[in-house]
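A short worksheet on the structure shown next.
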Amino acid sequence: MATDPHQMSDDLVLELPSDVRSIEHAVQYVIGRCPRCSEEARRLNLNLRVGLTEALSNAMLYGNHRDPSKRVLLEIAFLQECIEARVTDQGNGFDPASVPDPTTPENLMRPCGRGLFLMRKLMDEVKYNDLGNQVTLVLKLEAGGLEGGVQA
Amino acid sequence: MGFRVLQNGEVTLVEVEGQLIVGNRQELKQQVLDRLEKGDRKFVIDFANTGYIDSSGLGVLVSLSKKIREQGGELRLASLNEDLRTLFELTKLDTLFRIADTKDKALEGF
């Protein structure tokens, strides 16, 4: 898989098949490798789990369209003040601004469209590249006394 | 990770073990739809032993609720832990479902 010119100082790099069954193990592996997991338990178990799971799911389902020949790259940097995760698929990208708010009354009964919304709610930063096939998630650690995390 | 389907009087009770995620949501959907097809109308899904529900899992619950309502039935949810309840509140799905603290409370008066 081609690397991005914007380098991350990765502590962990996983290349995953476009198989949603691999998501749970990959996310659990990342959370288990976090050096400060005991201090940040809830922010990892809820916020980071949701962020990673939804980003990987979107990459496999909508980016790579489950194509077994395509891979998803997951890069993680455990920094002093935050965890940065980047997920890259081999699809054609999409416009994240085109995804409607799933909480409005007209969208509440729709079965899809909540993944990106949850990522934005539970991570401190969600940034897409111009093509839309790579998302970078940032979860700040020890952020402003947010004991339970939740609202990033 | 799996599902257990039980009958409690008129109510079909589904227990979700582990997670409800993109990898197993179709299995839950099919099990509930099979019961709906056979005439069951009252459903409780119990999450007492569920650690995580992703957006696909939430979507399946929305889809099932809609189908059950269309048949004149009701889907109730029970035993969401604090994290799961947070996901329902963030997505405002707590306004769509009747959510009980326990399975027994969900079954009361159903």
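Amide H of A:Cys82: which non-local residues (sequence gap of 5 or more, or other chain) have their own amide H closer than 5 Å, using H built in the peptide plane? It is A:Leu141, by chain and number.
For segment A:12-140, what's the relative contact order in percent, using C-alpha pairs closer than 8 Å and at least 6 residues apart?
Details: 216 pairs, mean separation 35.6, N = 129.
Rounded, it is 28 percent for segment A:12-140.
Normalised by the number of residues in chain B, the average gap of Cα pairs under 8 Å and 6 or more apart makes the relative contact order 26 percent. Provide a list, ordered by number, of residues in segment A:69-112 showing at least 10 Å² less accessible area with every protein chain present than when their chain is taken on its own, using a 1.4 Å probe. Residues losing area: A:Thr103, A:Leu108, A:Met109, A:Pro111. The portion of the accessible surface of segment A:12-140 made up by carbon and sulfur, rounded to a whole percent, is 51 (1.4 Å probe; DNA, RNA and ligands excluded). Summarising the amide proton neighbourhood of A:Phe94: residues at separation of 5 or more, or on other chains, whose placed amide H is nearer than 5 Å comprise A:Gly132, A:Asn133. Extending 7 Å from Cα along the Cβ direction at B:Arg85 and again at A:Gln80 yields two label points whose distance is 3.8 nm. Pull up the cross-link candidates among the aspartates and glutamates for A:Lys121, meaning alpha carbon to alpha carbon under 15 Å and not fewer than 8 places away within one chain. Result set, ordered by chain and number: A:Glu54, A:Asp101, B:Asp54, B:Asp83, B:Glu89. The loop-placed GluC sites (Glu not before Pro) in segment A:73-119, going by DSSP, that have at most 12 neighbouring Cβ atoms within 10 Å of their Cβ come out as A:Glu81, A:Glu106.
Classify chain A as rounded, prolate or oblate from the Cα gyration tensor: take a ≥ b ≥ c as the square roots of its eigenvalues, call it rounded if a/c is under 1.5, otherwise prolate when a/b beats b/c and oblate if not. Oblate, since a/c reaches 1.5 and b/c is not below a/b.
Based on DSSP loop calls and a cut-off of at most 13 other Cβ atoms within 10 Å, the longest stretch of chain B free of exposed GluC sites (Glu not before Pro) is what?
On the way: sites that count: B:Glu10, B:Glu108.
For GluC sites (Glu not before Pro) (loop position, at most 13 other Cβ atoms within 10 Å), the longest site-free span of chain B is B:11-107.
Leaving ligands and nucleic acids aside, the A/B contact buries around 2100 square angstrom of accessible area in total at a 1.4 Å probe radius. Computed over chain A with a Gaussian network model linking Cα atoms closer than 10 Å, the most mobile of A:Leu79, A:Leu116, A:Leu131 is A:Leu131.
First select every other residue whose beta carbon is under 13 angstrom from the beta carbon of B:Val14; then total the charges, Lys and Arg +1, Asp and Glu -1. Each step should come with its number before you reach the end.
Numbers: positive: B:Arg4, B:Arg25, B:Lys29, B:Arg35, B:Lys42, B:Arg76, B:Lys103; negative: B:Glu15, B:Glu17, B:Glu27, B:Asp34, B:Asp40, B:Asp46.
Neighbour charge sum, excluding B:Val14 itself: +1.
Taking all protein chains into account, the per residue accessible area for chain A stands at 48 Å² (1.4 Å probe).
FRET efficiency for the pair B:Asp101 and A:Leu131, taken as 1/(1 + (r/R0)^6) with r the Cβ-Cβ distance and R0 = 41 Å, rounds to 0.35. In this rough spin-label picture, where each label sits 7 Å from Cα along the Cβ direction, the A:His25-B:Asn49 distance is 2.3 nm. Average accessible surface for segment B:20-110: 43 Å² per residue, computed with a 1.4 Å probe over protein heavy atoms with every protein chain in place.
The values are calculated or read from the model by the stated rules, or taken from the named source; none is laboratory data. Since we're looking at a predicted model, the values are computed, not measured. Heads up, the Cβs are rebuilt from the backbone with ideal geometry, glycines too, and the neighbour counts pull from every protein chain shown. These area figures cover heavy atoms from the full protein model, side chains too; ligands, DNA and RNA do not enter into them. Shrake-Rupley method; radii C 1.70, N 1.55, O 1.52, S 1.80 Å.
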